[in-house]
Amino acid sequence: MRVLVCVKRVPAPGAKINVTPDGQSVDTANLGFTMSPHEECGVELAVQLVEQHGGESHVLTLGVAEADEQCRYAASIGVNKATLVSVDAMDWDPQRTAVALTEAIRAIETDDGAFDLIVMGNESADTGGYQVGIRVARALGRPVVNGLKGVELSEDGSSFVCRREIDAGSEIYELPLPAVVGVKEGITWPRYPTMRGRLASKKLDVSVVSSDEAPGGQSKVRLVRPEEQVSETVVLGEGPEAAEKIVELLKELGLWPGEVSS
């Protein structure tokens, strides 16, 4: 089995994001970077599928030179190969990104053979556009389902059985090979890199290619940082004298089962 997982270098979750004065980009000073959480789970899925069925896994990312870090992280937990589509800046629209990734995938498949499965994150942690995976699948002419929390190879090995959670339960899809899936955080529990894996990742020969794709039809107007929500703590009292106020608050919230007996 050949599995490709596409990842993106994004600011670390929980970091304070500041916007440059012109409103056109994120101020990256003092920011740590990682791969999107959905995609981290996708990397683990790719490694697990290869462990179960044999074959090889490949990670692909479009980003600045520093995105080499995300390629090597994927290698440290078991991914076999890596390709970086090197660009000068990460300010690429979804259409342009999808075209560049599609061309890179076609080039890899021409050299090494077709991928049975291409794994995408449901959406990136920074822009949250929900577009790139769908666009790539469409361009490659392959079936795709997004929002998945389960992906397994069928018993006869001709398709993938995919599960998507909904309010009433789950939807089950069967996708013939080759296919594209968009996975959500929680589909797997990502493993921690071992020391052996980290050492091996340093020796990985990351293939670097360039792209000169033209911008797509979408354009950014400006970035706006939402106002911080400040919560205020109110001390209801101390000791027994606070009990009455606590009961009143519980009643207000609808959490009090009955009247207080005196």
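Before moving on, here are some points about what is shown:
- Tyr173 vs. criteria in a strand (DSSP E or B) and either modelled with pLDDT of 80 or more or touching a Ser or Thr at 6+ places or on another chain (Cβ under 8 Å) (or both): yes
- Which numbered condition Ile118 misses (of (1) open to solvent by less than 10 Å² (accessible area, probe 1.4 Å); (2) in contact with a helix residue (DSSP H, G or I) (Cβ under 6 Å, 6 or more places away or on another chain); (3) under 24 Å from Asp212 (Cα atoms)): (2)
- The sole residue among Val208, Val151 that is more than 19 Å from Glu39 (Cβ to Cβ) and of a type in the set (Val, Ile, Thr) is Val208.
- Of the candidates Glu238, Glu259, the single residue that is loosely packed, with under 12 Cβ neighbours inside 10 Å and modelled with pLDDT of 75 or more is Glu238.
- Applying a threshold of 6 Å to beta carbon distances and a minimum spacing of six or more residues, or different chains, the list of pairs starting in the stretch 129-140 at a residue that is over 11 Å from Val180 (Cα atoms) and ending at one that is not in a helix (DSSP H, G or I) reads Tyr130/Glu123.
- Residue that is farthest from Asp116 (Cα to Cα), among those in the stretch 56-94 that are in a helix (DSSP H, G or I), open to solvent by 40 Å² or more (accessible area, probe 1.4 Å) and in contact (Cβ under 8 Å) with a residue 40 or more places away in the chain: Glu66
- Taken together, Val64, Val3, Val10, Val59 contain a single residue that is at pLDDT 80 or above, of a type in the set (A, V, I, L, M, F, W, C) and in contact with a Gly (Cβ under 9 Å, 6 or more places away or on another chain), which is Val3.
- Thr110 of a type in the set (Ser, Thr, Tyr) and either at pLDDT below 90 or within 17 Å of Lys220 (Cβ to Cβ) (or both): no
- Residue match in the stretch 30-45 (condition: among the aliphatic types (A, V, I, L, M) and closer than 30 Å to Ser158 by Cα): yes
- Of the residues examined, Leu253 is not one that is open to solvent by less than 80 Å² (accessible area, probe 1.4 Å), farther than 30 Å from Arg106 by Cα and at pLDDT below 85.
- Glu123 vs. criteria under 24 Å from Leu62 (Cβ atoms), part of a loop (DSSP other than H, G, I, E, B) and touching a residue at least 60 places away in the same chain (Cβ under 8 Å): yes
- Matching residues, the stretch 1-55, being open to solvent by 30 Å² or more (accessible area, probe 1.4 Å) and in contact with a helix residue (DSSP H, G or I) (Cβ under 6 Å, 6 or more places away or on another chain): Met1, Arg9
- Total residues in the stretch 160-183 satisfying the condition of being surrounded by fewer than 20 Cβ atoms within 10 Å (Cβ to Cβ) and touching a residue at least 40 places away in the same chain (Cβ under 8 Å): the figure is 2.
- Taken as a whole, the structure leaves Gly216 outside the set of residues that are in contact (Cβ under 8 Å) with a residue 60 or more places away in the chain, assigned to a strand (DSSP E or B) and not β-branched (Val, Ile, Thr).
- Test: residue in the stretch 11-18 that is outside any loop (DSSP other than H, G, I, E, B) and hydrophobic (A, V, I, L, M, F, W, C): no
The values are calculated or read from the model by the stated rules, or taken from the named source; none is laboratory data. Owing to the predicted nature of the structure, the values given are computational and were not obtained by experimental measurement. FYI the Cβ positions are ideal-geometry reconstructions off the backbone, even for glycines, and counts take in every protein chain you see. Surface areas here come from the heavy atoms of the whole protein model, side chains and all, with no ligands, DNA or RNA. Shrake-Rupley method; radii C 1.70, N 1.55, O 1.52, S 1.80 Å.
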